[in-house]
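Since every read-out is calculated from the coordinates, none of them should be taken as a lab result. Remember, it's a predicted structure, so these values are computed and weren't measured experimentally. All Cβ positions, even for glycine, are placed from backbone atoms using ideal geometry, and neighbour counts span all protein chains on display.
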Amino acid sequence: MKFLTTGAIFSSVAIMCGTANAMQYDNGRFALRLTGYGTGGILERLKSDEKPLGLADWRARVQANYAVASGQTLGAVYAIDEIAIDNDKFMREAFMFYENRDFGRMEFGFTDSIARKLSVGLPDVGGLRVNDNPLFYKKITPDGTVIGDTMLTTGRTALRVNVASVPTNIAQYGLSVSGITDDYDYAIDGGIKIRQPYGKLKSAISLGASFMSKPDGYSENSFTPNVTADWRAQASAALNLQYNSWIFGLDTRVIYDRNPIGPVSDGITAGAGVSYDLLKYSVSLSYILSDTGIWDSDVENYLDNTVLASFRYKYSENVDGWLSLGLSSDTPFLSVAMRITF
């Protein structure tokens, strides 16, 4: 497994999907790259007499680069995945970017905020998307609202400008502004990632903050209610540590909605995880806590705990299989699937 906080120079590339197996075309100053994955399998609810649920997940991302000068690149990105389809969208993200190796990167279009792109996630070797709209919440409906994603997000459906610095020494930081959407008036996000990638003990710390003005039916994901409030504020923090083949992670995210209308979906989520690699084998153990409604004394808060243990075997550079055993919303489950990466 690659260390969660390394990869491409700019985190937007690293978050979407791995680049080791990319299909790439180069012609002088122009380059075209296709990356993605496809997963197919089943999820069995162990206390239920119902048939196993089919499990399908996929993502495809195309990036075009043009080197306009030495150290300067123009490009465009389009991506689509199962999450977008679940939310009736025709894209995961679509944006243009400009990179300058001396100053940083600017993005314009529909994409994640810089606070999310500079975040680090929980260790996980399975394919149930622990760090991105988890699939187990889609398959096992909780009894109440959960905050399933420990990394800060303000969505990808508003027109956005991201600006990120070059990773200078150990720090990288950025700012994000979005608007022109029916979901809210505007949102401002900021993030910073501090890395120590040398020596036996490598580390990364990420911090993020966000303010969203007047969310109006804003939907964060497919398993939480839409948010309507005066404003939404968020903060997140995460820590990753790697020692040899061990990776340890801690994540937390706080959401506060001012004068929300309808079902509440703010609160606190926190997670912890550990993974270990040995040749072609990887194992991980993850835990996510979600507590919603804690700021409003008029409603009963909903506490949800999820534990997930995963095992992965890498058959080849492009094919691996995984098995996950978990407990979510008091429902134990077993999931087995195969993934093809390209």
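For region 178-272, chymotrypsin sites (Phe, Trp or Tyr not before Pro) are listed when DSSP marks them as loop and at most 10 other Cβ atoms sit within 10 Å of their Cβ; the list is Tyr198.
Can you give the longest stretch of the chain with no exposed loop site, where a site means GluC sites (Glu not before Pro) in a DSSP loop (not H, G, I, E or B) with at most 16 other C-beta atoms within 10 Å?
Working: sites that count: Glu50, Glu300, Glu317.
The longest uninterrupted stretch comes out as 51-299.
Rounded to whole Å, give me the distance from the Cα center of region 223-280 to that of region 43-114. Value for the Cα centre distance between the two parts: 20 Å. Its residue count N sets the reference 2.2 N^0.38 Å, and the alpha-carbon radius of gyration of region 11-341 equals 0.99 times that reference. Applying the Karplus relation 6.51 cos²θ - 1.76 cosθ + 1.60 with θ = phi - 60° to region 161-172 yields 3J(HN,Hα) values of 10, 10, 10, 10, 7, 6, x, 8, 6, 10, 10, 9 Hz, where x marks Gly and Pro. Between Thr269, Thr153, Thr39, find the one with the highest GNM mean-square fluctuation for the chain; connect C-alpha pairs within less than 10 Å. It is Thr39.
All Cα-Cα distances of region 193-243, cut into 10 Å bins from zero to the largest, leave 22, 30, 22, 19, 7 percent in each bin in turn.
Its Kirkwood hydrodynamic radius, worked out from the mean inverse distance over all distinct Cα pairs, puts region 129-264 at 16.5 Å.
Hand me the trypsin sites (Lys or Arg not before Pro) from region 92-168 located in a DSSP loop with no more than 12 other Cβ atoms within 10 Å, in residue order please. Please report the intermediate quantities before stating the final value.
Values: sites: Arg92, Arg101, Arg105, Arg116, Lys117, Arg129, Lys138, Lys139, Arg156, Arg160; in loops: Arg92, Arg101, Arg129, Arg156.
Here the sparse-neighbourhood loop sites are Arg101.
Of all lysines in the structure, the ones whose alpha carbon falls short of 17 Å from that of Lys280, not counting any fewer than 8 places away in one chain, are Lys2, Lys314.
Taken one residue at a time, the phi angles of region 272-279 give Karplus couplings (6.51, -1.76, 1.60, θ = phi - 60°) of 9, x, 8, 9, 9, 10, 9, 6 Hz. Gly and Pro are set to x.
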